[in-house]
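The structure appears right after this line, and notes come after that.
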Amino acid sequence: MAANNRRMSGKKGAQVGSGGQRRRGLEGKGPTPPAEMRKGHAKQRAAAAKSRRAQGRPQQRRGAGRSTSEMVVGRNPVVEALREGVPASTLYVQQFIDNDERVREALQLAAERGGINLMEAPRPELDRMTNGLNHQGLVLQVPPYEYAHPEDLADAAYDEGADPLIVALDGVTDPRNLGAVVRSVSAFGGHGVVVPERRSAGMTAGAWKTSAGTAARTPVARATNLTRALEAYKKAGITVVGLAADGETELGDLEALDGPVVIVVGSEGKGLSRLVGETCDVRVRIPMPGGAESLNAGVAAGIVLYEAARRRS
């Protein structure tokens, strides 16, 4: 009967051999494995991506389309565009134009560069081409820009044996800011800039001029959907870092800049959009002791790119 009472009670006795299990549980798991071996870690994703490339994954060079051609009109804008090396296909000159110093310089610059067609046209034709803008007898045709594909930027970096350093712009609509970012990416050894297809600045003549010629050697990629492009970068082992005034990490504490990284910069007024901000692996703030509320995209990108270049040198 006593045996039956023991079986009916809710108490459980110790299982046979459980003491050995408890001892093993107290022994610990050993030293922490390196970052490249920890599942989910950014460096582990990067190592996996490099392994896939080493196994002969074919390189995909897919252009992301072209922009439309653009007209630069007016004597000063045309001369400035030619000075700054903005790509041009044709220089239109009005018939019987007053041959002042700017006209002569435009003709000389076009001839020295070569590859630019010189066309003489009557004023009504130039009026039609420019939709009645005040062209002052000079019109420069800028050919469509050939955008890269976002994946091409990372592939080109790995081809060089380097970790990708890429800047993505979210909601930046001023071409001068885009040109300034391109210039900073070139100056600090970055591998390109990604812009969304819609509601974003493109590689116009203004962006070319602000880039001070660096757009000729720094590719700009266009993404149909920026969020999906950032997710693809993450799957390839690249850390996506968003700049935000309320970011949880300060720039000086960000270890991800040592490895493959995409720096996402939002607009000066609105910052990062909600979906893009949620896609980022980490949001980073730039300390500003002077009390400024925000920085424009060109300045913010330049600061982070400098920090990345300093750590990689």
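The values are calculated or read from the model by the stated rules, or taken from the named source; none is laboratory data. Note that the structure is predicted; figures quoted are calculated from it, not measured. Methodologically, a virtual Cβ is constructed for each residue, glycine included, from the backbone with ideal geometry; neighbour enumeration extends over all protein chains shown. We work out accessible area using only protein heavy atoms, side chains counted, and drop any ligands, DNA or RNA first. Shrake-Rupley method; radii C 1.70, N 1.55, O 1.52, S 1.80 Å.
Identify all residues within segment 274-292 that are out of contact with any helix residue (DSSP H, G or I) (no Cβ under 7 Å at 6 or more places or on another chain), open to solvent by less than 50 Å² (accessible area, probe 1.4 Å) and assigned to a loop (DSSP other than H, G, I, E, B); write none if there are none.
Of everything in segment 274-292, just one residue is out of contact with any helix residue (DSSP H, G or I) (no Cβ under 7 Å at 6 or more places or on another chain), open to solvent by less than 50 Å² (accessible area, probe 1.4 Å) and assigned to a loop (DSSP other than H, G, I, E, B), namely C280.
Considering only residues that are in contact (Cβ under 8 Å) with a residue 12 or more places away in the chain and closer than 18 Å to R312 by Cβ, look in segment 241-255 and name the one that is most open to solvent (accessible area, probe 1.4 Å).
Among residues in segment 241-255 that are in contact (Cβ under 8 Å) with a residue 12 or more places away in the chain and closer than 18 Å to R312 by Cβ, the one most open to solvent (accessible area, probe 1.4 Å) is G252.
Consider only pairs whose beta carbons are under 9 Å apart and that are at least six residues apart or on different chains; among these, list those whose first residue lies in segment 90-106 and is touching a residue at least 24 places away in the same chain (Cβ under 8 Å) and under 10 Å from L138 (Cα atoms) and whose second residue is charged (D, E, K, R) and open to solvent by less than 40 Å² (accessible area, probe 1.4 Å).
Taking only residues 6 or more apart or on different chains, the pairs are R102/R75; V103/R75; A106/R75.
Please work out which residue is nearest to G237 (Cα to Cα), limiting yourself to segment 293-310 and to residues that are of a type in the set (V, I, T) and open to solvent by 30 Å² or more (accessible area, probe 1.4 Å).
Checked segment 293-310; the qualifying residue nearest to G237 (Cα to Cα) is I303.
Only one of (1) on the phi < 0 side of the Ramachandran plot; (2) open to solvent by less than 40 Å² (accessible area, probe 1.4 Å) is not met by G237, so which one is it?
G237 satisfies all of (1) on the phi < 0 side of the Ramachandran plot; (2) open to solvent by less than 40 Å² (accessible area, probe 1.4 Å) except (1).
Let's see how each residue does on (1) under 12 Å from the mean Cα position of the chain (by Cα); (2) in a loop (DSSP other than H, G, I, E, B); (3) under 28 Å from G271 (Cα atoms):
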| position | (1), (2), (3) |
| --- | --- |
| L126 | no, no, no |
| N134 | no, yes, no |
| V139 | no, no, no |
| V185 | yes, no, yes |
| M203 | no, yes, yes |
| T218 | yes, yes, yes |
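Does P196 count as at pLDDT 95 or above and within 30 Å of G259 (Cα to Cα)?
yes
Out of the residues in segment 150-167 meeting the condition of being assigned to a helix (DSSP H, G or I) and over 10 Å from the mean Cα position of the chain (by Cα), tell me which one is surrounded by the fewest Cβ atoms within 10 Å (Cβ to Cβ).
D159
Only one residue in V264, V299 is within 18 Å of the chain's Cα centre (by Cα) and assigned to a strand (DSSP E or B). Which one?
Unique residue meeting the criteria: V264.
Taking N177 and the conditions (1) assigned to a loop (DSSP other than H, G, I, E, B); (2) of a type outside the set (A, V, I, L, M); (3) open to solvent by 30 Å² or more (accessible area, probe 1.4 Å); (4) closer than 16 Å to V265 by Cβ, which numbered condition does it fall short on, given that it satisfies the others?
It is condition (1) that N177 fails.
So M203 fits all but one of (1) at pLDDT 90 or above; (2) loosely packed, with under 14 Cβ neighbours inside 10 Å; what number is the exception?
Condition (2) is where M203 drops out.
May I ask you to verify whether V86 is among the aliphatic types (A, V, I, L, M), under 25 Å from A301 (Cα atoms) and in a loop (DSSP other than H, G, I, E, B)?
yes
Of everything in segment 178-195, what is closer than 28 Å to V73 by Cβ and out of contact with any Ser or Thr (no Cβ under 8 Å at 6 or more places or on another chain)? Give them in sequence order.
V181, V195
If V195 satisfies every condition in (1) closer than 26 Å to V276 by Cα; (2) touching a residue at least 40 places away in the same chain (Cβ under 8 Å); (3) not acidic (D, E) but one, which is the exception?
Status for V195: all satisfied but (2).
For segment 77-114: of the residues being closer than 30 Å to R198 by Cα and open to solvent by 40 Å² or more (accessible area, probe 1.4 Å), which is modelled with the lowest pLDDT?
E84
Report the residue count in segment 115-149 for those that are open to solvent by 40 Å² or more (accessible area, probe 1.4 Å) and free of Cβ contacts under 8 Å to residues at least 40 places away in the same chain.
13
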